[in-house]
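One structure below.
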Amino acid sequence: MKKLCLILIVMLFAVSVKGQISYLQYRHVPADQEEKFLERETKHWSKIAQAAIKKGQMKSWSLWRKVGITNADDLTPNYVFVNTYENLDNMDPDKVWTDNMDALGSVKPEDIETNSFTTTTFDYFIQSEDQVAGDYKYALVNYAKPTDLAAFIQENKSLWKPLHQASVSNLLNGMTYWGMSSVIYPAGNKDRFSVFTVDGFDKLNDALDYLRFTETSDNSPNAAAWNDVLDKTKMDELLPNGFERRIIYERVMTLK
């Protein structure tokens with residue numbers, strides 16, 4: 001009976017996750033402005049997000065900082081906001097901010113703005129497709145443009161997810177979370193990515209260790225499952241050039 005209840009809870013949670021919509025806003029923040037940016041966003045603007053979450057207008061809000069420098073260009077993003085909504089029908093970003101400005105208290109918006117000294121490089125609307133729940137501080141985001149989006153999503157659900165589930169459950173590879181999301185907008189062959197997966201870790205070293213090349217020994221804990229996946233996967237056809245980018249982000253703040 002306990003096992004049946006656990007299965008039902010997992011199924012209900014999976015249903016609630018699928019279909020959630022997130023608005024991702026990528027920002028470039030100059031190095032000499034980071035302290036001011038972080039103080040204003042986490043101390044003041046986060047209060048509006050918290051108020052919206054309490055009213056049910058938003059599911060969660062988080063701010064992430066990119067680890068390292070992957071490109072020195074001034075328009076390369078080094079921060080990303082993630083605003084998550086229960087579903088597309090409940091998403092109303094303008095309402096979130098206009099309805100909750102009183103959460104700032106006596107602070108004037110013009111005194112804490114961050115747009116004048118940062119650059120919004122691009123933004124995305126995405127849909128959550130699946131996940132293995134867990135807490136994590138570092139997110140290894142694997143951006144992809146598969147030749148067949150539907151096949152990529154289906155293979156990740158049916159073939160790769162059980163492998164990641166085992167890793168998260170048994171703390172293999174240091175992984176504590178896995179998720180997959182597809183892009184709603186912008187779209188098109190020339191866009192940066194159409195889907196991404198997220199591998200979550202508590203420590204940066206675990207994320208780096210996961211990325212580095214190592215040969216899977218036949219006696220490793222997940223060798224049999226890993227080899228079985230490699231025998232069945234069609235990822236070489238779906239991603240002939242591999243992931244477009246693999247970038248690690250560090251969690252700055254999350255509100256739920």
> Of the residues that make up segment 149-167, is at least one within 29 Å of N78 (Cα to Cα) and without any contact (Cβ under 8 Å) to a residue 40 or more places away in the chain?
Replying inline: yes
>> Against the definition (open to solvent by less than 20 Å² (accessible area, probe 1.4 Å) and of a type in the set (S, T, Y)), how does S194 come out, yes or no?
In response: no
>> Looking at the structure I just gave you, is V198 within 24 Å of L255 (Cβ to Cβ), touching a residue at least 12 places away in the same chain (Cβ under 8 Å) and in a helix (DSSP H, G or I)?
In response: no
>> Among the residues that make up segment 198-211, is at least one of them under 20 Å from W226 (Cβ atoms), hydrophobic (A, V, I, L, M, F, W, C) and touching a helix residue (DSSP H, G or I) at 6+ places or on another chain (Cβ under 8 Å)?
In response: yes
> Quick check, is K36 assigned to a helix (DSSP H, G or I), of a type in the set (D, E, K, R) and modelled with pLDDT under 95?
Replying inline: no
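The values are calculated or read from the model by the stated rules, or taken from the named source; none is laboratory data. Quick caveat: nothing in here was measured; it's all calculated off a predicted structure. Cβ sites come from the backbone with ideal geometry, for glycine too, and all protein chains shown count toward neighbours. Surface accessibility is based on the protein's heavy atoms, side chains included, excluding ligands, DNA and RNA. Shrake-Rupley method; radii C 1.70, N 1.55, O 1.52, S 1.80 Å.
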